[in-house]
Amino acid sequence: MTDRFAFNFDPARCLNCGACEIACQQWKGIKAGTLKLRKIEEVTVGSFPDVTRKFSSVSCHHCIDAPCAAACPVGAINQQNNGIVVVNKEQCTACHVCFEACAFGIPQFDEEGIMHKCDMCLDRLEKGQKPICAEACPTRALQWGNSTTRESK
Ligand code: SF4
Ligand code: SF4
């Protein structure tokens with residue numbers, strides 16, 4: 001059985017420190033204030049006076065049978081055997097169909113309209129390192145691991 005990789009997120013541990021979001025931007029060389037391949041979203045639970053703020057670190061879920069890959073009219077989005085969904089920016093025609101196909105609104109577009117998304121830090125995985133976002137999380141709220149063996153790193 002081919003190993004599949006996934007993120008695991010525990011909101012109870014999240015400090016909303018932003019380390020995962022910033023680490024991702026820096027590793028990917030993305031200018032601050034532009035694209036966010038990983039972002040912290042705030043979730044407000046309850047109503048006044050019993051209101052709770054929870055935070056969620058959101059990025060591509062690398063869905064099984066990824067709808068974005070199926071929707072891309074030029075085949076610019078591919079899903080690897082290990083489940084990781086990657087986009088070939090050279091092939092992308094900026095049609096934005098993938099955005100419509102994604103239930104989570106994950107695809108991001110640069111000034112030319114070319115799609116960018118999380119690739120699970122493939123360059124790091126190839127060196128036996130874990131994704132920089134999971135590496136940067138101080139509380140292990142964000143973990144990454146092998147969803148086949150259920151082993152997290
Ligand atoms: S924007 Fe690019 S990646 Fe997305 S569906 Fe269109 S061609 Fe494919
Ligand atoms: S795996 Fe890499 S590209 Fe994906 S959100 Fe984490 S740091 Fe960003």
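What the phi angles of the range 83-91 give under the Karplus curve with 6.51, -1.76 and 1.60, with θ = phi - 60°, is a coupling list of x, 6, 9, 10, 10, 8, 5, 5, 8 Hz, glycine and proline written as x. In terms of overall dimensions, the C-alpha atoms belonging to the range 63-117 reach 30, 22, 17 Å along their principal axes, ordered largest to smallest.
Each other residue within a Cβ distance under 14 Å of Lys117 adds +1 if Lys or Arg and -1 if Asp or Glu, for a net charge of +3.
For the chain, the solvent-accessible area with a 1.4 angstrom probe is 58 square angstrom per residue.
Of the residues Trp27, Trp144, the one with the largest accessible area comes first in the ranking Trp27, Trp144, computed with a 1.4 Å probe on protein heavy atoms. Each label point was placed 7 Å from the Cα along the Cα-to-Cβ direction; for Leu122 and Asn16 their separation is 3.5 nm.
Put simply, when 58-71, 95-108, 32-45 are sorted by average Cβ atoms within 10 angstrom per residue, most first, you get 58-71, 95-108, 32-45. Counting 0.36 nm for each residue step from Ala32 to Val74 and taking away their Cα separation leaves a gain of 12.1 nm. Treating only the Cα positions of the chain as identical point scatterers, give the base-10 log of I(q)/I(0) from the Debye formula at each q in 0.10, 0.17, 0.21 Å⁻¹. Rounded to two decimals, the profile gives -0.37, -1.04, -1.43.
The values are calculated or read from the model by the stated rules, or taken from the named source; none is laboratory data. Just so we're clear, the structure is a prediction, and the values are computed from it rather than from any experiment. Cβ sites come from the backbone with ideal geometry, for glycine too, and all protein chains shown count toward neighbours. Just so you know, the surface numbers come from the protein's heavy atoms only, side chains and all, with ligands and any DNA or RNA stripped out. Shrake-Rupley method; radii C 1.70, N 1.55, O 1.52, S 1.80 Å.
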